[in-house]
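What follows is a set of notes on a single structure, which appears directly below.
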Amino acid sequence: MDELVECLGLRELLDAGGFKGITNFEAIYDEMSSSGETPSLVAEIEQRVLDYFDSLRLPESVNLYDLLLLSLREKDFIASFNWDPFLIQAYLRNGAHAPLPRLAFLHGNVAATACVKDRVKGIYGQRCRVCDLPFPRSRLLYPVKHKNYKADPYIANEWHELEIFMKEAYLLTVFGYAAPSTDIEAVGLMNRIWGENPTFELAQVSIVDIKPREELERTWEPFFCRSHYGIHKTLEHTWSFRYPRRSGEGLAMATLQNAPWKDNPFPSTKALNDLHRWLEPLLEEERMGEFTGTPCPDVK
């Protein structure tokens with residue numbers, strides 16, 4: 001957010017609007033949208049943000065978004081605050097090869113949308129399967145201080161789905177989310193939901209962030225139960241990446257059965273076809289309803 005002003009070339013526009021010297025995008029947008037004094041400037045900035053994120057594309061080689069989606073199953077859930085289309089792009093190119101987790105975009109997204117009338121979620125550029133009308137753009141819910149997640153039906157539904165999944169989750173992974181002061185309402189809501197989880201005292205929390213450990217422990221302490229948490233610099237050491245598509249089973253075997261499985265990490269291949277081939281034994285187990293810790297064959 002601190003770099004967004006320069007990244008989008010907004011400096012001259014903001015200076016002309018009376019916002020000289022301010023670099024934090026959240027602070028600028030909060031002031032503009034709350035005051036209601038510069039509607040044309042707000043509209044111009046919103047359009048530039050939309051155009052920028054809409055232009056982003058994933059590389060063809062295997063990347064973090066492919067691995068994140070393929071590490072999880074249909075029972076799992078990813079809730080994102082990001083406006084970029086990367087999760088959707090990775091979903092489209094991997095969905096035919098493996099059942100993937102549910103997705104929710106808590107602040108809106110340039111690629112995700114819904115037909116509110118028919119209550120059908122979809123992808124911008126496609127059509128509603130009920131009314132056959134094109135899906136509209138979802139509104140990007142910018143991170144201003146006073147959010148009203150119930151004001152937009154699409155955003156309200158995304159938060160409702162998060163609540164359902166967090167109340168039943170056995171593993172919670174927070175990846176790169178800073179829990180900023182401007183998002184205090186969101187953090188408080190998630191904390192309340194997680195605290196209502198009946199498996200809270202058994203569940204595991206993983207925090208993936210490059211900040212100092214002490215700072216992260218202070219930030220996320222309300223989400224921890226005793227020592228049932230881990231703090232990592234990358235996703236590589238999380239349960240989901242140590243045991244792709246078997247994170248819950250891997251955790252249960254280690255903590256409840258005292259019989260930990262051998263790690264079965266993704267191969268280092270950059271070819272999607274090789275990655276999909278490596279996953280096939282795990283997918284066959286899922287089709288058979290059998291879940292083991294047997295590693296997949298190596299991909300050369």
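The values are calculated or read from the model by the stated rules, or taken from the named source; none is laboratory data. From a predicted model like this one, the values you see are computed outputs, not experimental measurements. Here the Cβ is made from the backbone with ideal geometry for all residues, glycine too, and neighbour counts use every protein chain on show.
Determine which member of the set 111, 96 is within 26 Å of residue 67 (Cα to Cα), crowded, with 20+ Cβ neighbours inside 10 Å and modelled with pLDDT of 90 or more.
111
Restricting to segment 152-161, name every residue that is out of contact with any Leu (no Cβ under 7 Å at 6 or more places or on another chain) and buried (at least 19 other Cβ atoms within 10 Å of the Cβ).
If the condition is that a residue be out of contact with any Leu (no Cβ under 7 Å at 6 or more places or on another chain) and buried (at least 19 other Cβ atoms within 10 Å of the Cβ), then 154 is the only one that fits.
If I ask for residues that are of a type in the set (Ser, Thr, Tyr) and either surrounded by fewer than 16 Cβ atoms within 10 Å (Cβ to Cβ) or in contact with a helix residue (DSSP H, G or I) (Cβ under 8 Å, 6 or more places away or on another chain) (or both), which ones from segment 162-194 would you list?
Matches in segment 162-194: 170, 173, 181, 182.
What are the residues in segment 207-256 that are among the acidic types (Asp, Glu), exposed (fewer than 14 other Cβ atoms within 10 Å of the Cβ) and under 19 Å from the mean Cα position of the chain (by Cα), if any?
Scanning segment 207-256 gives a single hit, 236.
Yes or no, residue by residue, for (1) closer than 28 Å to residue 24 by Cβ; (2) crowded, with 17+ Cβ neighbours inside 10 Å; (3) not assigned by TED's automatic domain parsing to the domain that holds residue 42:
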position	(1), (2), (3)
105	yes, yes, yes
125	no, no, yes
139	yes, no, yes
148	yes, no, yes
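Which of (1) within 29 Å of residue 253 (Cα to Cα); (2) part of a loop (DSSP other than H, G, I, E, B) does residue 179 not meet, given it meets every other one?
If we test residue 179 against (1) within 29 Å of residue 253 (Cα to Cα); (2) part of a loop (DSSP other than H, G, I, E, B), just (1) comes out false.
Whether any residue in segment 129-144 is within 16 Å of residue 81 (Cα to Cα), modelled with pLDDT of 90 or more, assigned to a strand (DSSP E or B) and in contact with a strand residue (DSSP E or B) (Cβ under 6 Å, 6 or more places away or on another chain) is what I want to check.
Scanning segment 129-144, I find no residue that is within 16 Å of residue 81 (Cα to Cα), modelled with pLDDT of 90 or more, assigned to a strand (DSSP E or B) and in contact with a strand residue (DSSP E or B) (Cβ under 6 Å, 6 or more places away or on another chain), so the answer is no.
Are there any pairs, at least 6 apart or on different chains, whose C-beta atoms fall under 6 Å, with the first in segment 63-88 and over 18 Å from residue 106 (Cβ atoms) and the second at pLDDT 95 or above and of a type in the set (Ser, Thr, Tyr), and if so, which?
Short answer, once both residue conditions are applied: 71/240.
Taking segment 27-72 as the search range and keeping residues that are farther than 30 Å from residue 244 by Cα and under 21 Å from the mean Cα position of the chain (by Cα), which one is surrounded by the most Cβ atoms within 10 Å (Cβ to Cβ)?
49
How many residues are closer than 25 Å to residue 236 by Cα and not in a helix (DSSP H, G or I) if we restrict to segment 155-176?
Residues that pass the stated criteria total 9.
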